[in-house]
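Below: the structure, in C-alpha cells.
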Amino acid sequence: MSFKIINNKKGIGIDDAVPIIIFIFVAALVIVFIRINEKVKHDKIIEDIQRQKDALEGNSILMSYIKTVDEHGNNKADFISKSITGKNYDALTQDIKEYFTKKGIDKNWYVDVKDASNNLIFPSISDTKYSPQEQYSSTQTAYPVASVVIPINGFEPGYVHIELYFSR
Amino acid sequence: MIKNKKGIGLEWYLLIVAFFLGLGFYFVNYFGQHKVIENYIGYYQLSALKAANKAESALFYIDQSAKYSLSQSIYELAQNGGIYEIDADEILTQEPTQTATTSDGKCGSYYGYNVWYELKKDKSGNYIKNSCFDDGDIKLNLEFLLNKNLNQYLLQYPYNLPVDNYVYEIKNNLEIIGRAIEPLKFDILKDETKSIAKEITKTKDGSIDFSGTELCAKGVKCLLNTDAYQQLADAEKRAEENGFFLEVYSAYRSKQNQIDIWEGKTSSQYKQRYPNENIRRKYVCYPYGNDVEKRCPHLTGKAIDVRLKGKSMIQKDWQLLKDIMATRDKATSSITWVKYSQEPWHFECCGTDRFNLAKAKGVTEIA
C-alpha cells in the first residue's frame, strides 16, 4: 500500500498563535507607553526652556522700563514711587501700557503692581487683545516672567512689586 | 498518530521569556534609583542667568533706596543744623546704656537751634569768634544718617539683603560711594519662589539660633539663651493674638562684636564720631573689663531689641510693644520681659541684673 501526500502545509493552530498575538500586543503597548512618556518629558523640557527664555526677555523689558531716565534725570522707578504715594494710578497705568505695547511683545501679557502684602494696588494692566479675565478663563495659561521691587520714597520706607506675566 | 500534540518551538518560549525579562529590567531601572539628571542641557546656565536677574533687581533696589535715603538724610541733618542727635531708637546695632539724647553740638543749642559760632569776650574785652562746628562731623553725621535710613529700606526688601553693609566715602560736594563689606549672595539653583523659612537650631553652647526665621529681622544673626527664646516665643504668641508680629533686630552679641562697635569698626562709626571715650560711653557699652557681661546685657543672650513687624514704630506702636512684651504670665503671674525705660525697643529677661532688680521691685519697666 502506498500513498502520497501532496501540498502538505506546515502550520500552527490558533492556540499556538495566541502567545504570539499577546506578545505583539504587549510589545506595542509598551512601545506606545514609552513613546508617550518620552513625548511628555520632551514637551515639558521645551516648555521649560521657553519659559526660561521668556523670563530673560521679560526681565530685560521690565528692567529697561524702570531704568528709563527722563530729561530731568529721574528714572521710571522715581515716577512709580511718586505715582504710588500720590495715588496717581491712571498716569502710571497709561505709562506702563504704552511702554509694553510699544515693545511689541508677541505674547499676551499683563502687569501687576502689588504692595508689600502682595495685594494689587490697582487692576492688572494688560495688552489690548485680551483682558486678564478673558486670558485666564480660557485654556491659555499665564505664568510670571519677571518681577522687580521698587522702593517707595515716602514717610515710611516701603516698596511695591511690579510683576510681568506672559500667557499663551 | 497517537497523542500528537501541536506546539510551538522552544525558541518562541525563550523569546517571550526574554521579552518579559527585558520589560522587567526596564521598569526596575525606570522606577528604581538611577542617575538621571532631572534637567536639560543649558539648565544650569539659564539658572545662572535667572540669578543674575535677581541680583540686578536687588542692586537696583539698593541704588534707588540709597538715593531716597540720601535725600532724606540731608533733609534731616539740615533740619538740625548739620548736627545729628543720636536717637538710639533708630540704630540697629547700638548697645543700650544710658539715655542717648545729648546733643553733639559743642556749643549747645539756643531755643532749640544748634549753635554754629559763639562770640566770647577775652580779657581785653575783644570779641573772639569761636567755631562750634566741625565740617568733618557733618560728614560722619551724614554717613551715619544715610546708613540708618538705608537700613530701613534694606530690611523691607522681600529677600535677604545685609544691613550695615556699606562703608561710605563722600567725595567732592555730594557724591557718596558706598563700598559693600560683604557681597550679595544669591542661590542659583534654589527655587526662591517657595517660601524658605529656616528652622531654629541649637548651637554647641546650647543657645538658640533663630536667624532667618520670621522672628528675626532679615540679614541679622539672631541668637538667644534657651529661656530667653522661650519667653520670646510666648511673647510672639501674645503679639499674634493681637494681630501683630514681633521682629528682633538685635539679640546676642559676642564680646568681639561689642569691641568692634566700640572701636568704630562698624558702620555706626562710634569711635570716629566720639573720640572722647567718656562721651562714647554714653552711646556704646564699654566692652572691656571682667564685668562686661553685667554692663552689656546683649552679651548674655538674654536681651533683645525688638519692634513690631511692618510698623513705623511711632509712640503708640512702642506702647503696644510694651504691652505685649513686658507683661505678667497669665498662669504664673511672673514677669516675662522687663523693659528698659530709656529705650522702648530694649527688653531683658531671665536673670539679668536689670531683670532681677525689676522683679524685686515688682515692676515690668526699669531705668
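Only the coordinates and a few stated rules stand behind these numbers; no lab work does. What you see is a predicted model; the values in this text were computed from it and never measured. Using ideal geometry, Cβ is built from the backbone for each residue, glycine included, and neighbour counts are taken over all protein chains shown.
A simple rule links phi to the HN-Hα coupling: the Karplus curve 6.51 cos²θ - 1.76 cosθ + 1.60 with θ = phi - 60°, which for the stretch B:159-171 gives 10, 6, 10, x, 9, 6, 10, 10, 9, 9, 9, 9, 10 Hz, with x for Gly and Pro. For q values of 0.11, 0.15, 0.18 Å⁻¹, compute log₁₀ I(q)/I(0) with the Debye formula on a Cα-only model of the stretch B:211-367, without solvent. With no solvent term, the Cα-only Debye profile gives -0.44, -0.82, -1.15. For the segment A:56-67, counting C-beta atoms of other chains within 10 Å of every residue's C-beta and taking the mean gives 2.
Across the cross-link table entries B:294/B:322; B:67/B:302; A:107/B:311, which are compared at the Cα atoms, the separations over 32 Å belong to B:67/B:302; A:107/B:311. Compared with the alpha-carbon gap, the fully stretched path from residue B:120 to residue B:237 is longer by 36.1 nm at 0.36 nm per residue. The local environment of residue B:331, defined by Cβ-Cβ distances under 14 Å, has a net charge of +2 under the rule Lys, Arg +1 and Asp, Glu -1.
Averaged over the residues of peptide A:41-49, the number of Cβ atoms from other protein chains lying within 10 Å of each residue's Cβ is 2. Averaging the sequence gap over all C-alpha pairs within less than 8 Å and six or more residues apart, then dividing by the number of residues, gives chain B a relative contact order of 13 percent. Structure remark: mean-square fluctuation, Gaussian network model of chain B, C-alpha springs under 10 Å; the largest value among B:167, B:338, B:220 belongs to B:167.
Shielding of peptide B:66-76 by partners, expressed as the average count of other chain Cβ atoms within 10 Å per residue Cβ, is 2. At the listed q of 0.11 Å⁻¹, the Debye profile of chain B, built from one uniform point per Cα, gives log10 I(q)/I(0) equal to -0.88. When you count the other C-beta atoms within 10 angstrom of each residue and take the mean per peptide, A:101-107, B:350-356, B:148-154 line up highest first as B:148-154, B:350-356, A:101-107. Residues whose amide H lies under 5 Å from that of residue A:126, counting only those 5 or more places away or on a different chain, are A:111; hydrogens are built 1.01 Å from N in the peptide plane.
Taking amide H as placed 1.01 Å from N in the peptide plane, the amide H of residue A:160 sits under 5 Å from that of A:150, A:152, each at least 5 places away or on another chain.
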